[in-house]
1. Can you pull the one-decimal nm distance between simple spin-label points at residue 370 and residue 529, each 7 Å off the Cα toward Cβ?
2. Assuming 1.002 mPa s and 20 °C, estimate D for the range 214-301 with Stokes-Einstein, Rh taken as the Kirkwood radius over Cα pairs, in µm²/s.
3. Which value, to two decimals, describes the C-alpha radius of gyration of the range 516-555 once divided by 2.2 N^0.38 Å?
4. What does the highest-first list of 340-347, 518-525 look like by mean Cβ count within 10 Å?
5. Less than 14 Å from a label point 7 Å out along the Cα-to-Cβ axis of residue 521: which backbone N atoms in the range 545-564 qualify, by residue?
6. Cα axis of helix 471-491 to longest principal axis of the chain: angle in degrees, 0 to 90, nearest 10?
7. Working out 0.36 nm times the residue gap between residue 446 and residue 58, then minus their Cα-Cα distance, what length gain in nm do you get to one decimal?
8. May I ask you to work out the translational diffusion coefficient for the range 153-212 at 4 °C, viscosity 1.567 mPa s, via Stokes-Einstein with Rh from the Kirkwood sum over Cα pairs, reported in whole µm²/s?
């Protein structure tokens, strides 16, 4: 029989042992929870394939030939392990095989890792070993080696398991210098690479004793009125966390509906008194220490008389002018001393908002007169009552017409002008030159003061663009212009809610005649500037239509559409006059000296 055939035979036998174990061991054995012993001892059968060549016995060392050590089917093995924790332990291993007047013994030590489950324990070990090999015709030889492998143990009871299989790689390095010359290094110092298979019994003892499982039940609330529900909750401990537990609930009063760790008790038909709820917890997969019980007490009290709650509401202040706020406080109590809540605040004027027992009434927009504020009080039994109070909104103190007229006269509304194509799409906050910013700052200052007397006043902003460009482009450009003016006013403190915007694109452009009339009637324009504007009426008309008009809604007054010719940045707003500006700014030549009186040829 060849060594390779014997090795295959040994592996096949090990596989059959695994299948046999799975078919013979009952399901309770698989489900048994494995404890963590302090010590365990393995003893059993061992088969060995040495996996090495040695010099042929009785041969010539100077002409050495290889002899393959045959498989050894006779043998035994033992391993003693001290467990540090549930997974790691120190293992001391001894194995011995013999046959055909040969034998091999290994003594090993090293760490072992084991993973314990309900159905089996799986381990790996790495051992350093001393290997002693004796081949008939050669002297016994000691070598240094290692054992690497693992296997599976099948629990039978707490202290006994069946090692279904163990498969190890056995390495050893030996010295046969007396039987092979130096020209035969593979035989002079051979290395063994063998395989060993084991099966047997594992005995365990020591370790902490198993902790008995326990259960703890709590009820909430512990005291209820007849008809109120009780919730019971159980907490189980020291059971195998991998197993699914079953819960059996019972009670001495009321109807209980239990599911898993929580149960509900209906006390509708229970008589007043003291009762108990009990749960029985079971681990159906465990054989021992698989049950625990616990109980908790609760009290059912008789129903008290059902009197509705009483409620009152107080207001501070009770009289206020429009726009002010009133603090409201509800006082709700139950004659039967049951919990109450306040909700559903309502009013027939102004706006009321509140939670629980406090609320606030805003009288913004309210007309002078009495406002009734109400709320509802509800107890835990569903009984309700309502309370209300009166708040008087007084007429606001008269405002002096002269003050409003002064403010309205100060609100000198001026249109705001933009340079060509400003603001651009990529920078919508651009385009306001310095002079137009000052116009808007003055407008914002006066309008905020005006709002103190006329809080409902609005500024209406209307954006325009000149006729150049498509309808879509000009519409979007006028929208950017009116939005930039609005955002600037908001930056100056004008409430956004008091600003309206409209954009007309090039729909409402001023005509040449309208622009000429505006220039002619502008007292700030000099005769020379007026003449220059008339000569360039098209440029002035385009600049006059790149604007945002401002209207005050309370008076209907609209901004004066007079182009700011005297502004320092007027050339920037007009555009196309930079050449004239440079000429205008160039220094003038000194006039020639007079040589004598010059005759005046002009008529007067």
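Each reported figure results from applying straightforward, stated rules to the coordinates on display, with no laboratory input. If you're wondering where the values come from, they're calculated on a predicted model, not measured in any experiment. Positions of Cβ are generated from backbone atoms using ideal geometry, with glycine treated the same way; all protein chains shown enter the neighbour counts.
1. Here the modelled spin labels are 6.5 nm apart.
2. It comes out at roughly 161 µm²/s.
3. Against the compact-globule rule of thumb, the ratio is 1.43.
4. Highest to lowest by the protection proxy: 340-347, 518-525.
5. 558-563, by backbone N distance to the label point.
6. 90 degrees
7. Contour length minus the Cα-Cα distance gives 127.2 nm.
8. It comes out at roughly 84 µm²/s.
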